[in-house]
Amino acid sequence: MVQDHHPLAADFPDFKDKIHALKTSNPHFARLEREYEDTDKAIVRLETGLEHSSDAELEQLKLKRVTLKDQLYAILKG
């Protein structure tokens, strides 16, 4: 299944302002958010055929994305 790119602010629209604030004031959050965005974009490139990898590598990236999203959400809720 091909998934479009979903920036964090699109996935958590209620936290859009907080995401922006944390990206500029919290280096840890900013690093996690960049890593999430890079991972998400890599998944989209693989799913759309722009790049190639094994199914195992794609699944590993998806697991990483979920883990990062969970960490970011925990910070947003905190």
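The values are calculated or read from the model by the stated rules, or taken from the named source; none is laboratory data. Keep in mind it's a predicted model, so treat the numbers as computed, not measured. Neighbour counts are summed over all protein chains in view; Cβ atoms, including those assigned to glycine, are modelled from backbone coordinates with ideal geometry.
Of all residues in region 45-66, exactly one satisfies the criterion of being loosely packed, with under 14 Cβ neighbours inside 10 Å and under 17 Å from L8 (Cβ atoms), namely V66. Listed by first and then second residue, the pairs with beta-carbon distance under 9 Å, at least 6 apart or on different chains, first residue in region 22-36 and within 19 Å of H6 (Cβ to Cβ), second at pLDDT 95 or above and of a type in the set (G, A, S), are L22/A30; K23/A30.
Taking region 16-62 as the range and being acidic (D, E), farther than 11 Å from L72 by Cβ and under 10 Å from the mean Cα position of the chain (by Cα) as the test, the residues that pass are D38, D40. Scanning region 4-41 for residues that are hydrophobic (A, V, I, L, M, F, W, C) and either outside any helix (DSSP H, G or I) or modelled with pLDDT under 95 (or both) yields L8, A9, A10, F12. With respect to the stated conditions, E57 fails to be of a type in the set (D, E) and touching a helix residue (DSSP H, G or I) at 6+ places or on another chain (Cβ under 7 Å).
Per-residue answers, yes or no, for (1) of a type in the set (S, T, Y); (2) within 15 Å of K62 (Cα to Cα):
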residue	(1), (2)
P7	no, yes
K16	no, no
T24	yes, no
R31	no, no
R34	no, no
R45	no, yes
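If the condition is being free of Cβ contacts under 8 Å to residues at least 40 places away in the same chain and in contact with a His (Cβ under 9 Å, 6 or more places away or on another chain), then region 37-60 contributes E37, D40, K41, L46. Within region 1-44, the set of residues being farther than 18 Å from T67 by Cα, basic (K, R) and exposed (fewer than 14 other Cβ atoms within 10 Å of the Cβ) comprises K16 only. Evaluate the following for A74: is it at pLDDT below 95, surrounded by fewer than 15 Cβ atoms within 10 Å (Cβ to Cβ) and part of a helix (DSSP H, G or I)? Against the criterion (at pLDDT below 95, surrounded by fewer than 15 Cβ atoms within 10 Å (Cβ to Cβ) and part of a helix (DSSP H, G or I)), A74 does not qualify.
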